[in-house]
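Just below is one structure, and these are the notes that go with it.
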Amino acid sequence: MEHSAANLDEAVSGREANDAIPLITEIQRFCLQDGPGIRTTIFMKGCPLHCPWCHNPETQSRRREIYFYADKCTGCGRCVEVCPTGASSIVRSGKTQICRIDRSKCIGCVKCVEACLSEARGVVGREYSMEEIVREAVADLPFFERSGGGVTLSGGDPLLFPEFSLRLASRLKREGIHVGMETSCFAPWKVIQPLLNSIDLFLVDIKSMDPEKHRSVVGFPLEPILENIRALIMAEANVRIHLPIIPGFNDSSENFRACVEFLRSFADRLTGVDILPYHVYGEKKYEFLGREETYRYKGIKEISPRELVPFAKALAESGIIQVSIGGMVGMGTERGLKPGERR
Ligand code: SF4
Ligand code: SF4
């Protein structure tokens, strides 16, 4: 779906999304690439965008989904017996039989997951109470303190759940935890502004500096994102830019030049920039979700970090304090930085 700047409000901050409590796909501990230090990353399920190279496709839909691991399926049919909607069925495959899921009929009731004895099905997205998440995070406080780490709200996009994200960030901060947010920044400023006091670090993606490509490939306009990045800088938020580099989409010298030019004007006010070469880690997930035909990057060669060194040098020469290839920020680099506080 394509969004214009005019219907941005409706697209990403409708009442339904604003009030929503997200399903969580994963609470991942000991992460080293989602901000400074050792971090616990909370992956919320739901994203306003559908980037075709997404390596976390399980976080795109807000609905609960079912992973199906075909190589574990024995074709026993237990899932078919319990499925209330007829979404599960058995089909013959050569001499054996295997089950199939009609995703259009699946309501995510998870009865098949409970019934399957061979763990051929898994649940993607579960409800967590605020306290459960906080408990998970607090368990790692000693690691956060020693490494200058904390918690990163990610997804999907936490901005699709701004009230939940604000409450969670405020709660974590009361525990003395540094809170980062990984976001597309595709939201009206009025959705982002209330978060300024609770988010210590915004990690914002720029997918391409070409507005036409951005609109046609990712399906939404670039300008609101760039405006929000400028507004975050003006508000003295700590901002780190993520630049995913996707073969054939944004790996051109024109795009690299445009990124440097855009970031140059506030280079010394950025916490840093991470160049993130495309990788294939998400490929299997498309298969498990029954969406392999939507994945257009199958077999595409990964970009070697060495190829991106000139780009990294150009960013560093523009005045950006910290530039990484791969996003490993390191221990303690931003320890103690609070919203509005700078090194
Ligand atoms: S219950 Fe599990 S093993 Fe049996 S047919 Fe269904 S998915 Fe396959
Ligand atoms: S989650 Fe429920 S509706 Fe979906 S396939 Fe399993 S049993 Fe059927």
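The values are calculated or read from the model by the stated rules, or taken from the named source; none is laboratory data. Every value quoted in this text rests on a predicted model; they were computed, and no experiment measured them. Note: ideal-geometry Cβ built from the backbone for every residue, glycine included; neighbour counts use all protein chains shown.
Summed over segment 66-77, the residues that are more than 10 Å from ligand 2 (Cβ to nearest atom), under 16 Å from Phe288 (Cβ atoms) and of a type in the set (A, V, I, L, M, F, W, C) give a count of 2. Being farther than 13 Å from Ala120 by Cα and more than 14 Å from ligand 1 (Cβ to nearest atom) is not true of Arg92. Among the residues of segment 227-247, the ones that are free of Cβ contacts under 8 Å to residues at least 12 places away in the same chain and either among the hydroxyl-bearing types (Ser, Thr, Tyr) or part of a loop (DSSP other than H, G, I, E, B) (or both) come to 0 in all.
If you go through segment 286-333 and keep only what is modelled with pLDDT of 90 or more, hydrophobic (A, V, I, L, M, F, W, C) and either over 17 Å from Cys54 (Cα atoms) or outside the structural domain of Arg269 (by TED's automatic domain parsing) (or both), you end up with Leu308, Val309, Phe311, Ala312, Ala314, Leu315, Ala316, Ile320, Val323, Ile325.
Based on this model, can you work out whether Asn250 counts as buried (at least 21 other Cβ atoms within 10 Å of the Cβ), assigned by TED's automatic domain parsing to the domain that holds Leu172, in a helix (DSSP H, G or I) and among the polar types (S, T, N, Q)? Walk me through how you get there before you give the answer.
Working: buried (at least 21 other Cβ atoms within 10 Å of the Cβ): yes; assigned by TED's automatic domain parsing to the domain that holds Leu172: yes; in a helix (DSSP H, G or I): no; among the polar types (S, T, N, Q): yes.
Against the criterion (buried (at least 21 other Cβ atoms within 10 Å of the Cβ), assigned by TED's automatic domain parsing to the domain that holds Leu172, in a helix (DSSP H, G or I) and among the polar types (S, T, N, Q)), Asn250 does not qualify.
Taking each residue of segment 73-85 that is more than 12 Å from Arg121 (Cα to Cα) and looking for partners that are modelled with pLDDT of 95 or more and within 9 Å of ligand 1 (Cβ to nearest atom) with beta-carbon atoms closer than 7 Å, six or more apart or interchain, yields Val80/Ser88; Val82/Cys112; Val82/Ala115; Cys83/Cys112. Restricting segment 110-145 to residues that are in a loop (DSSP other than H, G, I, E, B) and within 25 Å of the chain's Cα centre (by Cα), the residue that is surrounded by the most Cβ atoms within 10 Å (Cβ to Cβ) is Gly125. The number of residues in segment 72-87 being at positive phi and within 6 Å of ligand 1 (Cβ to nearest atom) comes to 2.
Per-residue answers, yes or no, for (1) at pLDDT below 95; (2) within 9 Å of ligand 2 (Cβ to nearest atom):
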| residue | (1), (2) |
| --- | --- |
| Gln60 | yes, no |
| Arg64 | no, yes |
| Cys79 | no, yes |
| Pro84 | no, yes |
| Arg92 | yes, no |
| Ile98 | yes, no |
| Asp102 | no, yes |
| Leu117 | no, no |
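You will find that of Leu172, Leu141, Leu196, the residue that is farther than 18 Å from Arg62 by Cβ, in contact with a Pro (Cβ under 8 Å, 6 or more places away or on another chain) and of a type outside the set (Gly, Ala, Ser) is Leu196 and no other. Among the residues of segment 106-121, those identified as more than 10 Å from ligand 1 (Cβ to nearest atom) and touching a Cys at 6+ places or on another chain (Cβ under 9 Å) are Cys106, Cys109, Lys111.
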